[in-house]
Structure formats: C-alpha cells, structure tokens
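Enquirer: Have a look at the structure that comes next, please.
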Amino acid sequence: MSPASAVRVAAVDLGATSGRVMAGTVTRTGLHLEELHRFPNGGVRANGSLFWDVLGIYRESLNGIREVARTGSLHGIGIDSWAVDYGLLDRDGHLLGNPYSHRDDRTDGVRERVAGIVDPAEQYAVTGLQQLPFNTVYQLVASLGTAALESAETLLLLPDLLGYWLTGQVGAERTNASTTGLYDVRTGTWAAGLARELGLPWSILPPLRDAGDQVGPVLDDIGRQLGARQPVPVVAVGSHDTASAVVGVPAEEEDFAYISSGTWSLVGLELERPVLTEAARAADFTNETGVDGTTRFLKNVMGLWVLSESVRTWTDQRIAGTDLVSLLAAAHDQPALRTVVDINDPRLLAPGDMPARIAALAQDAGEPVPQTPQAITRTILDSLALAYRRNVRLAAELAGRRVDVVHVVGGGSQNSLLCQLTADACGVPVLAGPAEAAALGNVLVQARALGADVPDLAAMRALVRRTHELHRFEPRPGLDWDAAETRLSGAGAVAP
C-alpha cells in the first residue's frame, strides 16, 4: 500500500442488545472509525421460546453497508458477533427457522446429560472449553429429534450465516468455531469423534476458514443493492466479537491481561497455546482460538448484562433517577464492598427482574440486602470487580504468567467507576479503551487482507495506540478485597 492510499471497509459489529455498522479507514499512519448505522437487537419470544430476528439483523446490516458504500469507497466487508448461536440450512440452502437465542431455556439440564455420555475431562481435553450451558454443542443435543435438525444440511454460526447470504459461500471462521464445543483446539479441526459420541450429525459442520481469508465477492444482486461500482469482497475477520476485540487491545507489553467488557465480560490472557490441564478444567477456564493462531485463555463473566437488565426493570417500573448516568454517579457515594454476590450465578442468565435476583443472591449469601437501585448498582459493580480480580489472578496462575497491567476494552471501558474498582481489586494499573475494540479489530484484519501495512498483531496494536486515547487508572489502597473474597467463598458462591 502506498503512503497516500487508504483501505476503507464496512465493519458489521453485532451485539446481543444492539448492532452497528462502522466505516473503517486504514492508512499507513491512520486508523479512523465512523459509526454510520446502529439498530436495536434482542431476543424475540414466540411460542414459549426465545429467538433472534436474524432476517431483521441481516436487513439492518445491509442498510449499514449500503450507507458505507454511499459515503465513500468500499473495499471490503467483515462481520463479527456474539458466539455459539447458529442457523440451520436445508439441502437447498434455505434457513430452517429462526435461530434460537443462547438465553433460551431449552438447554436446561443438557450439560448434565452430556456429562453422562462423555466424561467432562475427556471433553475438555479435546475442546478446552468452559462448559457453559448454552454452548453450541448443548444447543444441538437439545435439538436432537427435531424436524429442523433432522432436515439440516449445514450449520452456520451467525456471522457466517450473514456472510453466506452476502456471498453464497458456506464456511466457519475458526475463532467462532472454537466456541461451539465441537472444535478440537489441539488440531484446529472439527471434533467429529465427539459429535458422533453424542449422536450429532457431524456432517452439517461446514469447512473451516481463518481470519483474514477472503470468503468471496458479494453476489451480483447484493452489489446492485449496495450501489457498488466493482465487486466487493467479504473478508473473514475474528468473527467472534471477543476475538476481534482482543486484536484491538492496544497492548505494548507482553504481560497483560484483558477484559472485553460488554454484555458479557471476557477476562483472560493471550497465549501461544492452549492450557489443557486438569487445574484449568476444574477452574472452568476456556481456550478459544484467536486471530493469527493465538489462544484466548479466558473466563466468561456475566458482565454488564446484569446492570442493563436491572436498568430495564427499573425503567419498566418507572422508578425515577434510574437512568444509567444517574445510577453510576450515585453509586460512587454508596458504601464500598458492603454487599458482594456471585455475579456468575446461573440465576442471572435469563431476562427478568434482575434487582430481585440480586437481592435474593445477597440474602442467600448472608450479605446485607441492597434496598435501593443505587445500592444494587454498587453491588453489581463491586461484584464485577471482584470477579475480574479473581479470574485475572487465576488465569495468570494457571498459565504460569505474570500480569503487570489490565486492558479494559469495549463499552465497559467507558464506565470509570468500574475501571477504577478493577484497578483497586487487581492491584495493577488498568488502561481503559478503546470502547470500539471489536470494530477496530474487525477493520484491521480486513485491511491487512486487502493490502494495508499492518502485518501482525503488534503492528495493529501499535496503530490503535497511536490513534486512540486511553485512560489510566492506578490502584488505590484502602479496600479489603481479600475479606470480600473470603465472605463470598465462605458462602459457597465462588468456584475453585
């Protein structure tokens, strides 16, 4: 790429509560991101189940890509989203019904059923995954015997499904495939043997592709809809949004931990190889594939979903002063560590009256029950920081690494109280930002595939550092995090 040239791409970045399409421009010295389209997202309950409106997501993604094309050059398209959820195609390539949301209750008890068929230690040795109840493998086992699964020819994870509709090409990008529970993290191939043991139709798993591979040009009719003057390639990015977010971590040092903080919080380290020890399995840590063959060794923590769902409940109840800005300002003045709960308790997974669940968790743990929205907000933030502390330290111990700094990226990097509490809890500096790390990682991987001079992760991260402002939070003494951890573990709420 010449010094004057630029690569301009559309980054479709899909979250569980909203989606957005960004125009990203990369030059030799510049990295610019502009949000051109945003739309709400969320589960749709129908006939007792929770689904994604995937056609609505596709329509809005196309609207955003069209806006990128309308406002300038369009050299590529990349799509990232949350993990594990999928659509099934029949032999004619048509979608067999709406994809389920991972928050649907159809997987209740399935993990335990699978453990009766496949030894969890054997399962972990192959997949290296935290055995979360909504992993794709458990969703598929829950679907055994259904007409949709029996008719399925191909399974496509959500970013790959959208990419298929754009290009007509089927495949599975590895960073997302590695979250399914059907991917062999040792060999980088599908775990067909595991699928067979569980009675799953392993032939529906599509060919694998790497981040940076060109999926194909958009179909002619899509090109006409976009108003594109030349064929536009769809590029496989780190299609799991956390994989893209980790690309966008502006780390300069080697000994860093990251927290991709959003609806979920992903807390972990970037490693050269997976950690498949019994200690890692007992601690319920996951090994997911990252961009350029790295391993994301991490723990899924419930995240800011708990707070956003609480705000939704208070809004529905028309309680004054419960907008997010007011709550965070008031939470500063609430007593620190007065109440802590296990933020990863399964009772916090589904939509519903989150404040009532937080109060119940506190009561069950023998903690003071928070009575006001402001106290509940502080309980959530203190409990998140405590979970971050526990899992950063545990990841370092399990991987034999040290942690000198924690990078917080994603929407949670804009929550200054949470970032400060995280620094306090972890006892190391926190560098917060960028908030749009997933979109930046998406753009950078596309740009490299299209010829930009960002040859490796180090170069990509250096460009993020040069072009984006970071906020540093130094750890403060005074709060007894050890005592809070002891209280919680004494209540039986903290896993080993």
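Enquirer: Kindly list the number of the only condition in (1) touching a Lys or Arg at 6+ places or on another chain (Cβ under 8 Å); (2) within 23 Å of G43 (Cα to Cα); (3) open to solvent by 10 Å² or more (accessible area, probe 1.4 Å) that fails for V126.
Expert: Status for V126: all satisfied but (2).
Enquirer: Return the only residue of R347, R390 being surrounded by 19 or more Cβ atoms within 10 Å (Cβ to Cβ), at negative phi and in a helix (DSSP H, G or I).
Expert: Just one listed residue meets the conditions, R390.
Enquirer: In contact with a helix residue (DSSP H, G or I) (Cβ under 7 Å, 6 or more places away or on another chain), open to solvent by less than 40 Å² (accessible area, probe 1.4 Å) and among the small types (G, A, S): is that true of A245 in this structure?
Expert: Working: in contact with a helix residue (DSSP H, G or I) (Cβ under 7 Å, 6 or more places away or on another chain): yes; open to solvent by less than 40 Å² (accessible area, probe 1.4 Å): yes; among the small types (G, A, S): yes.
When the stated conditions are applied, A245 passes them.
Enquirer: Cβ-Cβ distance below 6 Å, separation of 6 or more or different chains: which pairs start in region 19-39 with a residue that is more than 19 Å from R70 (Cα to Cα) and among the basic types (K, R) and end on one that is open to solvent by 20 Å² or more (accessible area, probe 1.4 Å) and assigned to a loop (DSSP other than H, G, I, E, B)?
Expert: R28/P3; R28/D453
Enquirer: Additional query: Kindly check whether there is at least one residue in region 99-113 that is under 21 Å from F285 (Cα atoms) and touching a Gly at 6+ places or on another chain (Cβ under 8 Å).
Expert: yes
Enquirer: If we keep just the residues of region 45-72 that are within 23 Å of the chain's Cα centre (by Cα) and of a type in the set (D, E, K, R), which is least open to solvent (accessible area, probe 1.4 Å)?
Expert: Quick first cut of region 45-72, residues within 23 Å of the chain's Cα centre (by Cα) only: 45, 49-62, 64-65.
From the residues that got through so far, the ones that are of a type in the set (D, E, K, R) too are 45, 53, 59-60.
Details: R45: 143, D53: 73, R59: 129, E60: 37 Å².
Checked region 45-72; the qualifying residue least open to solvent (accessible area, probe 1.4 Å) is E60.
Enquirer: Let me ask another. In this structure, is R476 touching a residue at least 24 places away in the same chain (Cβ under 8 Å), part of a helix (DSSP H, G or I) and open to solvent by 50 Å² or more (accessible area, probe 1.4 Å)?
Expert: no
Enquirer: Next question, about the same structure. Can you name every residue in region 357-374 that is in contact (Cβ under 8 Å) with a residue 40 or more places away in the chain, open to solvent by 20 Å² or more (accessible area, probe 1.4 Å) and either farther than 17 Å from E485 by Cβ or of a type in the set (S, T, N, Q) (or both)?
Expert: D364, P373, Q374
Enquirer: Still on this structure, please answer the following. Checking V84 against (1) surrounded by fewer than 16 Cβ atoms within 10 Å (Cβ to Cβ); (2) on the phi > 0 side of the Ramachandran plot, which single condition isn't satisfied?
Expert: All conditions pass for V84, except number (1).
Enquirer: Those residues that are in contact with a helix residue (DSSP H, G or I) (Cβ under 7 Å, 6 or more places away or on another chain) and crowded, with 24+ Cβ neighbours inside 10 Å, I need them from region 162-178; list them, please.
Expert: The answer is L162, L166, A172, E173, T175, N176.
Enquirer: Something else about it: Provide a single number: the residues in region 179-207 that are under 25 Å from T242 (Cβ atoms) and surrounded by fewer than 17 Cβ atoms within 10 Å (Cβ to Cβ).
Expert: Adding up the residues that qualify gives 5.
Enquirer: Quick one: would you say L418 is farther than 29 Å from V275 by Cβ, modelled with pLDDT of 95 or more and either touching a Gly at 6+ places or on another chain (Cβ under 9 Å) or in a loop (DSSP other than H, G, I, E, B) (or both)?
Expert: Values: farther than 29 Å from V275 by Cβ: no; modelled with pLDDT of 95 or more: yes; either touching a Gly at 6+ places or on another chain (Cβ under 9 Å) or in a loop (DSSP other than H, G, I, E, B) (or both): yes.
Here the answer is no, as L418 does not meet what is asked.
The values are calculated or read from the model by the stated rules, or taken from the named source; none is laboratory data. Since the model is a prediction, treat every value here as computed from it, not as a measurement. Note: ideal-geometry Cβ built from the backbone for every residue, glycine included; neighbour counts use all protein chains shown. Ligands, DNA and RNA are excluded from the accessible area calculation, which covers all protein heavy atoms including side chains. Shrake-Rupley method; radii C 1.70, N 1.55, O 1.52, S 1.80 Å.
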